[in-house]
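The values are calculated or read from the model by the stated rules, or taken from the named source; none is laboratory data. Bear in mind that the values here come from a model prediction, so they are computed numbers and not experimental data. In this analysis, Cβ positions are derived from the backbone assuming ideal geometry, glycine residues included, and neighbour counts consider all displayed protein chains. For accessibility, only protein heavy atoms count, side chains too; no ligands or nucleic acids. Shrake-Rupley method; radii C 1.70, N 1.55, O 1.52, S 1.80 Å.
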Amino acid sequence: MKIFNTLTRIKEEFKPINKEIVNMYVCGPTVYDLFHLGNARTFIFFDCVRRYLEYNGYSVNYIQNFTDIDDKIINKSIKENRTICEISNKYIEEYYVDSDRLNIKRATQNPRATDCIEDMINLISKLMYSGFAYEIDGDVYFSVREFGSYGKLFGQDINTLKSGSRIKINKNKKDALDFILWKKNKENEPGYDSPWGIGRPGWHTECCSMIYKYFDGDTIDIHGGGIDLVFPHHENEIAQIEVLENKKLANYWMHCSFLNVGNEKMSKSLENFFTIREILNRYTGDVIRFFLLSVHYRNNISFDEEYMESANKSLSRIKKVYFNLINFKECDNVNKNECLDDIRKYHSTFIDKMNDDFNTADAISVIFEFVKYVNKYITNFNSLELSESIKIFDSFFDIFGLTYKEIEEFKEIENDVKEMVKKRMQFKQKKQFDQADIIRDELVKRGYILEDINDGTRIKDINNNLIYIVLV
Ligand SMILES: [Zn+2]
């Protein structure tokens, strides 16, 4: 399995530190509102990464934080006259509601920033003690110049960063790149006691001190997040830990690209976002997942109603073929495994695509090729070929986190239709064509098109998609 590592800018063979367990951390949401489709892309992609690792037999220790103290939460609490805790509790609950509907597996743990204040104070104290941080009037800053490798994740020299950055000049800081570790609290703001007075930790300290805490100070395998976190957030995480410890914070850094609306990134600040709740009211979690995973995670994806509709259609096409396969058990073709090699080849190609830096886009293309193949050859499949075909779809559903929901619904509709088609075939055998035609007309009215083949009848929908095949 190969992973594109943001740190080295190449695809590297994935070698977890422990052969059985993968330790993984993904930056989570700031809980002051419902999350939007752009956030969902990151959460769903890393859920897919986790599922694929589990598919490969690893047990994944997946930690994702909740940032529950932050300017946005404080502002909302003032505006709505509620406590910060009320705001964050509400949106943590809402996060679970939406992520469950998206079939995102729950993280192993979801630590909250406010539960780790002491750990963050400890980390900042260590940095102060070792001379990598300094305090000015109750604010504590990290001294970027003290960390020689600063800029390695972003891939820029520290001097270029300084001149090219859009960092606000703060005259309290010794250097424009220095970032805040501890913020002195302003009036009406919540605060915590610390050696530097009452205040709260900066966001960049949150994730790395959680990693330190929840993975016992060990290097983790994968650190993930949205691409906008590479700089400064992840660069700053690396600096704080690696300046103190003679080891890496994470071996593989993975970043998911933007979701665009038109030519702009979807974001709260640009006010061009759809909350995932709005989208979930129109499409199932499956369709949203399928849409978001249909583009490689390192490419931008554009949101468009038209694309969602097409994802919806494509997915139901796949589910219909799956339905056909699972309902084809009565088939007792005893051919000589003519299709077996092809089927196994589709499966291994699908896996190859996933092994190539989680190329979900190409993996979906393989599934589509296979859908065509099944539609063409299903009547020749013997039971081994059927079960091998079902396995491909099972792998796909499992890794992509798709449910079998609509397939069950098809099943219920189909049973009675299946019986009618069988009856029609019997009428035809007895040359009672009038009766046979009555059944055909009745089914057409219900939206089913029948197509006679050598050894049975194909049932199609009005869009000519194969739904089922009844054999003689
Ligand atoms: Zn983070």
Q.
Cβ-Cβ under 8 Å, sequence separation 6+ or interchain: first residue in the stretch 228-251 and in a loop (DSSP other than H, G, I, E, B), partner within 11 Å of the ligand (Cβ to nearest atom) and not β-branched (Val, Ile, Thr). Which pairs?
A. Leu249/Cys208; Leu249/His223; Leu249/Glu237
Q: Only residues in the stretch 200-221 that are open to solvent by 10 Å² or more (accessible area, probe 1.4 Å) and within 11 Å of the ligand (Cβ to nearest atom) count as the first member; pair them with residues that are among the acidic types (Asp, Glu) and in a loop (DSSP other than H, G, I, E, B), Cβ under 7 angstrom, at least 6 apart or cross-chain, and list the lot.
A: Trp203/Asp70
Q | Selection status of Phe154, modelled with pLDDT under 95, within 16 Å of the ligand (Cβ to nearest atom) and surrounded by 15 or more Cβ atoms within 10 Å (Cβ to Cβ) | A | yes
Q.
Only one of Tyr373, Tyr377 is in the same structural domain as Phe350 (by TED's automatic domain parsing), at pLDDT 95 or above, under 35 Å from the mean Cα position of the chain (by Cα) and not aliphatic (A, V, I, L, M). Can you tell me which?
A. Tyr373
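Consider Ile87 carefully, then state whether it is modelled with pLDDT of 95 or more, more than 19 Å from the chain's Cα centre (by Cα) and buried (at least 19 other Cβ atoms within 10 Å of the Cβ). If you could, list the steps in order and put the result at the bottom.
Values: modelled with pLDDT of 95 or more: yes; more than 19 Å from the chain's Cα centre (by Cα): yes; buried (at least 19 other Cβ atoms within 10 Å of the Cβ): yes.
Yes.
Looking only at the stretch 1-47, filter to residues that are among the hydroxyl-bearing types (Ser, Thr, Tyr) and touching a residue at least 40 places away in the same chain (Cβ under 8 Å); which one of those is nearest to the ligand (Cβ to nearest atom)?
Ranking the candidates gives Tyr25 first.
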Q: Looking for whichever is touching a strand residue (DSSP E or B) at 6+ places or on another chain (Cβ under 6 Å), open to solvent by 40 Å² or more (accessible area, probe 1.4 Å) and modelled with pLDDT of 90 or more here; the options are Asn185, Asn122, Asn110, Asn103. Which one fits?
A: Asn185
Q. Looking at this structure, is Ile238 within 16 Å of the ligand (Cβ to nearest atom), modelled with pLDDT of 95 or more and either charged (D, E, K, R) or open to solvent by less than 10 Å² (accessible area, probe 1.4 Å) (or both)?
A. yes
Q. Quick check: anything in the stretch 97-106 in a helix (DSSP H, G or I), more than 15 Å from the ligand (Cβ to nearest atom) and among the β-branched types (Val, Ile, Thr)?
A. yes
Q. So which residues in the stretch 278-308 are open to solvent by 40 Å² or more (accessible area, probe 1.4 Å), touching a Phe, Trp or Tyr at 6+ places or on another chain (Cβ under 9 Å) and in a helix (DSSP H, G or I), if there are any at all?
A. Tyr307
Q.
Condition (residue is in a loop (DSSP other than H, G, I, E, B), touching a residue at least 24 places away in the same chain (Cβ under 8 Å), at negative phi and within 16 Å of the ligand (Cβ to nearest atom)) applied to the stretch 263-273: is it met by at least one residue?
A. no
Q: Would you mention how many residues in the stretch 241-261 are away from the ligand (no atom under 13 Å from the Cβ), over 27 Å from Ser302 (Cα atoms) and open to solvent by less than 10 Å² (accessible area, probe 1.4 Å)?
A: 0
